[in-house]
Amino acid sequence: MEIRRIEDRGGKEILTKYYDGIHFPPIVIGNVKDHLEALRNLKHKNGDVIIDTFPKSGTHWTYEILHMLQNGKADYNMNPSMILEFESIDTLDNLDGPRTLKSHLYPKHIPKSLIDKKCKIIHIYRNPKDVAVSMHSFMSRINVGDMKGYKGTWEHFFDLFVTKPLAYNTWFQHVKSWLDFKKTNPDLPILIMSYEDMKKDLRGCVQKMAEHLGAKQDPEFLDEVASKCQFSAMSKAQSSNNKETSMSRDGSNPFYRKGDVGDWKNWLTVAQNEMYDKVIEENMAGIDLEVKYTL
């Protein structure tokens, strides 16, 4: 493992832990190599589900939905986030099953027993322009461990996001790794959905998730889950989650922002958008997904 400091044009830094060709956030536990090796040996529990996303693609949102579906109750989870790479093995082992496990990992680092036991996997992707905007907000607000809040401007951050591999490398690498994994493992129960489809038709997406999990599918229950997990309702409920607001520089919940589709239009200049469109076109080879930038 190697500590890397990625500097923007204004001299502001983003710290990463670099291992196995991937930049990880500095809050990954200890030596990344040791933690990932321990994670590969994490024991499976019946009913385990994994949500995997590129950062700022609806991880917490999807978790709330799956938490309700898994428990058969439309109650919000107010416990700390349990992301595989940020938690100790003992903590993960001690969680009662069935577990809903969050991750931004590449497929090669997912616990082996969960793959062998064919646990249900849900991968959510979001258009990279909105991801960039949301990630800048998150990086500026977060205050945990060695993530003390990025001090750079939006312009400088966007330059980095487009030209450098940051946490979990690039959006293109991460999304393609999961598409390739699904293609080479057709027997694994992997559901791929877009953030934009969740915004457009949350009730329909909740239904698909329930079917994928084999969870309770009473229409009135699914209606309640969809209602409570509308982004505005959920973010309002989680704004008082002291365990998460304590992780921010300003007392807000850093895991929730506006949740809009197309907010990138309020941030990217015409020049930035044209430049990123060229990068997207060059890097979409082998990524067979419909990516929606507006609704």
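The values are calculated or read from the model by the stated rules, or taken from the named source; none is laboratory data. Everything quoted here is computed from the prediction, not taken from an experiment. Virtual Cβ from ideal backbone geometry, glycine too; neighbours counted across all protein chains shown.
Does Ile50 meet the test of being of a type in the set (A, V, I, L, M, F, W, C), outside any loop (DSSP other than H, G, I, E, B) and in contact (Cβ under 8 Å) with a residue 40 or more places away in the chain? Break it down into steps so the answer makes sense when it comes.
Details: of a type in the set (A, V, I, L, M, F, W, C): yes; outside any loop (DSSP other than H, G, I, E, B): yes; in contact (Cβ under 8 Å) with a residue 40 or more places away in the chain: yes.
For Ile50, the condition - of a type in the set (A, V, I, L, M, F, W, C), outside any loop (DSSP other than H, G, I, E, B) and in contact (Cβ under 8 Å) with a residue 40 or more places away in the chain - is met.
Output the number of residues of region 187-222 satisfying the condition of being closer than 13 Å to Gln70 by Cβ, out of contact with any strand residue (DSSP E or B) (no Cβ under 6 Å at 6 or more places or on another chain) and crowded, with 20+ Cβ neighbours inside 10 Å.
Selection size over region 187-222: 4.
Here is a yes/no grid of residues against (1) farther than 20 Å from Ala215 by Cα; (2) of a type in the set (Gly, Ala, Ser); (3) within 18 Å of the chain's Cα centre (by Cα):
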position: Val49; (1), (2), (3): no, no, yes
position: Asn79; (1), (2), (3): yes, no, yes
position: Asp93; (1), (2), (3): yes, no, no
position: Asp96; (1), (2), (3): no, no, no
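Could you grab me the full set of residues in region 95-119 that are in contact with a His (Cβ under 7 Å, 6 or more places away or on another chain) and crowded, with 23+ Cβ neighbours inside 10 Å?
Across region 95-119, the qualifying residues are Thr100, Leu114.
Filter the strands (runs of 3 or more DSSP E) completely within region 92-208 down to those with at least 1 residues that are at pLDDT 95 or above and within 23 Å of Tyr293 (Cα to Cα). Explain how you work it out, then say what you get.
Numbers: elements: 100-103, 120-125, 190-194.
Qualifying strands (runs of 3 or more DSSP E): 120-125, 190-194.
Residue check: is Ser232 modelled with pLDDT under 95 and surrounded by fewer than 13 Cβ atoms within 10 Å (Cβ to Cβ)?
On the way: modelled with pLDDT under 95: yes; surrounded by fewer than 13 Cβ atoms within 10 Å (Cβ to Cβ): yes.
In short, yes.
Do we find that Phe86 is out of contact with any helix residue (DSSP H, G or I) (no Cβ under 8 Å at 6 or more places or on another chain) and touching a residue at least 12 places away in the same chain (Cβ under 8 Å) in this structure?
yes
Looking at region 153-164 only, could you name the residues that are crowded, with 19+ Cβ neighbours inside 10 Å and in contact with a strand residue (DSSP E or B) (Cβ under 8 Å, 6 or more places away or on another chain)?
So in region 153-164, the residues crowded, with 19+ Cβ neighbours inside 10 Å come out as 157-158, 160-161.
Passing the criteria: only Leu160.
Can you name the number of the only condition in (1) over 20 Å from Trp267 (Cα atoms); (2) in contact (Cβ under 8 Å) with a residue 24 or more places away in the chain that Tyr150 fails?
The one condition Tyr150 does not meet is (1).
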